[in-house]
Each structure stands twice: as C-alpha cells, then as structure tokens.
Amino acid sequence: MELSRKLIQQQLEESREEAVVHAQRINELAEELASELQALKAIADEISPYYWQVYYKPFITGFKSISVPYVRSDGEVWTIFNRMV
C-alpha cells in the first residue's frame, strides 16, 4: 500500500508542476490583456466625445466591469479570481 501512496504523490507533484506552467501562462496573458484593454480605453476616452457628436451613440461601453482572470496559490490551495482592469 505504501508503494501505491508514493506513486500517487509522484503523479500529484508532476501534475502540480504542469499546472504551475499553465497558471503562469494564464497570468502572463492576463497582464497582456489588461494592457491592451487599458490602451483601448485610452483611445475610447479620447474619441468618445466626438463619436457622440457624429454617431449619437457611445463608441465602447462596459469598461467599468472588465476583469481578467488571475491565478494564485498559497502553496497548497489555488484560487482563480477576476482582477478588475
């Protein structure tokens, strides 16, 4: 039975290492996405008054509720939460 437990622990560690790679990539993508959203918002803030004058509607809406996923861990428990941009 001890061999079985060690095998399970080994598989768990290998899977955790793989999960770390994915979590890091998610966080990298979230940073990139947040940066792109901030750039888009800056453009929208700049042209929105003129857009209203020409088209009588907003250029882009929804910036107040935009979030990106972020993964963190305390070493044992992992949490995915939405970070507001």
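The values are calculated or read from the model by the stated rules, or taken from the named source; none is laboratory data. All figures in this text were calculated on a predicted structure; none of them were measured in a lab. Positions of Cβ are generated from backbone atoms using ideal geometry, with glycine treated the same way; all protein chains shown enter the neighbour counts. Heavy atoms of the whole protein, side chains included, go into the accessibility calculation; ligands, DNA and RNA do not. Shrake-Rupley method; radii C 1.70, N 1.55, O 1.52, S 1.80 Å.
List of remarks:
- Close Cβ contacts (under 9 Å, 6 or more residues apart or on different chains) running from residues in the stretch 32-48 that are within 14 Å of Ser65 (Cα to Cα) to residues that are of a type outside the set (Asp, Glu) and in a helix (DSSP H, G or I) comprise Leu37/Phe63; Lys41/Phe63.
- Hits in the stretch 42-70 (condition: open to solvent by 80 Å² or more (accessible area, probe 1.4 Å) and on the phi < 0 side of the Ramachandran plot): Ile43, Asp45, Glu46, Tyr50, Trp52, Gln53, Val54, Tyr55, Lys57, Thr61, Lys64, Ser65
- Lys57 out of contact with any helix residue (DSSP H, G or I) (no Cβ under 6 Å at 6 or more places or on another chain) and free of Cβ contacts under 8 Å to residues at least 60 places away in the same chain: yes
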